[in-house]
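The values are calculated or read from the model by the stated rules, or taken from the named source; none is laboratory data. Note that this is a predicted model, so its numbers are computed, not measured. Cβ: placed from backbone, ideal geometry, glycine included. Neighbour counts: every protein chain shown. Ligands, DNA and RNA are stripped out before the accessible areas are found, and what is left, the full protein with its side chains, is counted by its heavy atoms. Shrake-Rupley method; radii C 1.70, N 1.55, O 1.52, S 1.80 Å.
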Amino acid sequence: MNTITAAITAVGGYVPDYVLTNQILETMMETNDEWITSRTGIKERRILKDKDKGTSFLAIEAAKDLLRKSNTDPKDIDLIIMATATPDMLVSATGVFVATEIGAVNAFSFDLAAACSSFIFGMSTAARYIESGKYKKVLLIGADKMSSIIDYTDRTTCIIFGDGAGAVLFEPNYDGLGVQDEYLRSDGVGRPHLKVDAGGSLLPPSAETIANKQHYVFQDGKTVFKFAVSKMADACEKVMTANNLSGDDVRWLVPHQANKRIINAASKRMNLADEKVMINIHKYGNTTSATLPLCLWDYENQLKKGDNLIFAAFGGGFTWGAVYLKWAYDPKQ
Ligand code: UT7
């Protein structure tokens, strides 16, 4: 029997309608379009305004988009992995609700949390389930309603993040396409530098935590930036070296969209021309778990069977890594 590899066979996505531009942010705080654009590459981001909708809403829309486009029957899905840093609730897994809402009645589901690396770690997890031979359709969703944990008076964080969701379907491939290799890492040294202090078991919610604004994202941007530049590029290099890939062999870099300058550093280390790098940070900002699948969503029509893709991410924790994948289909009509 041929070896089973885990191929991406469909892509879906969703971003909310409301566009929060740099110009609007200028009216809310002491900042300006020139600063935000030159430091991050971001021009606008999408925000889910509805107060009664959480991350599950974004995830359900992205999953429905994928099911519609690929003509997939949700009853055939075996597993849904929900990559997110902003679950609807602490205890009841968001993926379970999403599965039921989209009609995936034969699937089991769980959430996977690794901050901005949730999706890339989810790719690794999804691949192992497929490679086991037991599971035939694994839906990996990356979704975050970052606006639910962002302080819109803190100009150092609120300019960066946005809301969105993307989804990919993994299926077995017998021709060697799909996930080839990965290099994944984490280091708890990062915990003080990018976190939400309160709301977990360490510091449960109280009047004091609310007054101290401890339910919002805190980021020591400079330290995170330094680690991100070095670790994301390092992971790409590691996975390329292990697979004898040069910059010429790589068709696309699919990088986490946290800062255009971090992406540039990685592509430079990989010797990649700009036109080989997926970029949509200008439109969506940093959507945390959704950045990688939203890149695929935007670039799907340019992808060809056999293309070598390197996915790369860096996030809170710290967590980071790179995945090498061979694309499995030509653009669909
Ligand atoms: O996805 C998870 C991983 N996260 C990341 O990868 C994010 C990594 N970090 C970054 O992308 C960058 O550090 C930021 C974009 C967050 C910040 O850029 P920076 O170049 O590191 O700026 P900085 O924090 O060093 O601030 C430089 C100056 C400061 O003023 P002084 O002290 O030099 O007078 C800030 O107060 O810019 C000021 N500043 C701003 N000015 C206008 C900070 N935020 C703003 C702002 N508008 N929004």
key: Solvent-free Debye scattering, log10 I(q)/I(0), computed from the Cα coordinates of the chain at q = 0.08, 0.14, 0.15 Å⁻¹   = -0.34, -1.08, -1.25
key: Karplus 3J(HN,Hα) series, Hz, for region 12-19 with 6.51 cos²θ - 1.76 cosθ + 1.60 (x for Gly, Pro)   = x, x, 7, 10, x, 5, 5, 10
task = Please sort by residue number the GluC sites (Glu not before Pro) in region 1-94 whose DSSP state is loop and whose Cβ has at most 12 other Cβ atoms within 10 Å.
result = E30
message = List the residues, sorted by chain then number, that are 5 or more residues from A85 or on another chain and whose placed amide H is less than 5 Å from its amide H.
response = S289
note = For the pair D274 and K304, the simple spin-label estimate (label points 7 Å beyond Cα toward Cβ) gives in nm 2.3 nm
ask   = Just how much of S38 is accessible, in Å², when a 1.4 Å probe is used and the result is rounded to the nearest 10?
value = 70 Å²
message = If each residue of separation counts as 0.36 nm, what is the full-extension length gain between N212 and Y174 once their alpha-carbon separation is subtracted?
response = 8.2 nm
key: For L296, solvent-accessible area (1.4 Å; no DNA, RNA or ligand), Å²   = 0 Å²
key: Partner aspartates and glutamates for K69 [C-alpha distance under 17 Å; skip if fewer than 8 residues away on the same chain]   = E61, E171, D298, E300, D330
message = Below 18 Å, Cα to Cα, which lysines can K134 reach? Residues fewer than 8 away in the same chain don't count.
response = K75
remark   = Expressed as a whole-number percentage, the relative contact order of the chain with C-alpha contacts under 8 angstrom and at least six residues apart is 25 percent
message = Explain nothing, just compute: Karplus ³J(HN,Hα) = 6.51 cos²θ - 1.76 cosθ + 1.60, θ = phi - 60°, for every residue of region 222-227 in order, whole Hz, x for Gly and Pro.
response = 5, 5, 4, 4, 4, 5
message = Rolling a 1.4 Å sphere over the protein heavy atoms, what is the accessible area per residue of the chain, to the nearest Å²?
response = 43 Å²
ask   = Once fully extended, how much extra length lies between N106 and E26, figured as 0.36 nm per residue of separation less the alpha-carbon to alpha-carbon distance?
value = 24.0 nm
key: Members of K49/K283; K64/K305; K53/K231 lying beyond 28 Å, as alpha-carbon distances in this model show   = K53/K231
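Considering only protein heavy atoms and a probe of 1.4 Å, how much of the accessible area of the chain is carbon and sulfur, as a whole percent? Spell out each step's value before the answer.
Values: 7310 of 14400 Å².
Reported share for carbon and sulfur atoms: 51 percent.
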query = Just going by the charge dipole of region 180-326, with Lys and Arg at +1 and Asp and Glu at -1 on Cβ, which of A322, A228, N301 is farthest out on the positive end?
reply = A228
ask   = According to a simple spin-label model (label point 7 Å from Cα along Cα-to-Cβ), what is the distance in nm between T37 and D73?
value = 5.1 nm
query = So who's got an amide H within less than 5 Å of the one on F161, skipping anything under 5 residues away but keeping other chains? H placed 1.01 Å off N, in plane.
reply = N286
query = Modelled label-to-label distance, D154 and R185, 7 Å Cα→beta-carbon offset: nm?
reply = 2.7 nm
query = What is the calculated FRET efficiency for K332 to D197, with r their C-beta to C-beta distance and R₀ = 51 Å, to the nearest 0.05?
reply = 0.70
